[in-house]
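Structure first, then comments.
The values are calculated or read from the model by the stated rules, or taken from the named source; none is laboratory data. Since the model is a prediction, treat every value here as computed from it, not as a measurement. Glycine also receives a Cβ, built like all others from the backbone with ideal geometry; neighbour counts cover every protein chain displayed.
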């Protein structure tokens, strides 16, 4: 009985270790909060530029700051499950972070994702997002 309990504790320790690694990995790959756009604030602005992609639109407005802020909107028409919508948002934020786009001066950029994203394979979506020119 003692060996069974030890096995359980050992398994639990490994599980806890992997959970901690996962949390560290998620925090390292996230876009900092200061670079995230408040969508309600952006709606009050009038975008100076609108650009359409294969499955999303990009609206750009000046913000007067030394850095750019990004917002991603994924509606329920894209997927009813919040977890899937959040995965899509994280994919866009990750592409922005990897390409260091937040350091472009003074723009608020809103990305609106369309249901057409479901027609593409996930790998294809990631490739298109990482290659897309979000700013003019």
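For the reader, a short list of remarks on this structure follows.
- Which listed residue, of 112, 126, 117, is at pLDDT below 90 and within 14 Å of residue 57 (Cβ to Cβ): 117
- Among the residues of region 113-131, those that are buried (at least 17 other Cβ atoms within 10 Å of the Cβ) and closer than 20 Å to residue 68 by Cβ comprise 113, 129.
- Boolean, residue 71 is at pLDDT 80 or above, within 22 Å of residue 103 (Cα to Cα) and under 17 Å from the mean Cα position of the chain (by Cα): yes
- For region 48-63, the criterion of a residue being out of contact with any helix residue (DSSP H, G or I) (no Cβ under 8 Å at 6 or more places or on another chain) and part of a loop (DSSP other than H, G, I, E, B) is satisfied by at least one position.
- Reported count of residues in region 75-98, each being more than 20 Å from residue 121 (Cβ to Cβ) and touching a helix residue (DSSP H, G or I) at 6+ places or on another chain (Cβ under 7 Å), is 1.
- The residue pairs whose first member lies in region 83-99 and is on the phi > 0 side of the Ramachandran plot and not assigned by TED's automatic domain parsing to the domain that holds residue 124, whose second member is in a helix (DSSP H, G or I) and buried (at least 21 other Cβ atoms within 10 Å of the Cβ), and whose beta carbons are closer than 7 Å, counting only pairs six or more residues apart or on different chains, do not exist in this structure.
- Entry remark, region 14-63: residues being modelled with pLDDT under 80 and exposed (fewer than 12 other Cβ atoms within 10 Å of the Cβ) number 15 in total.
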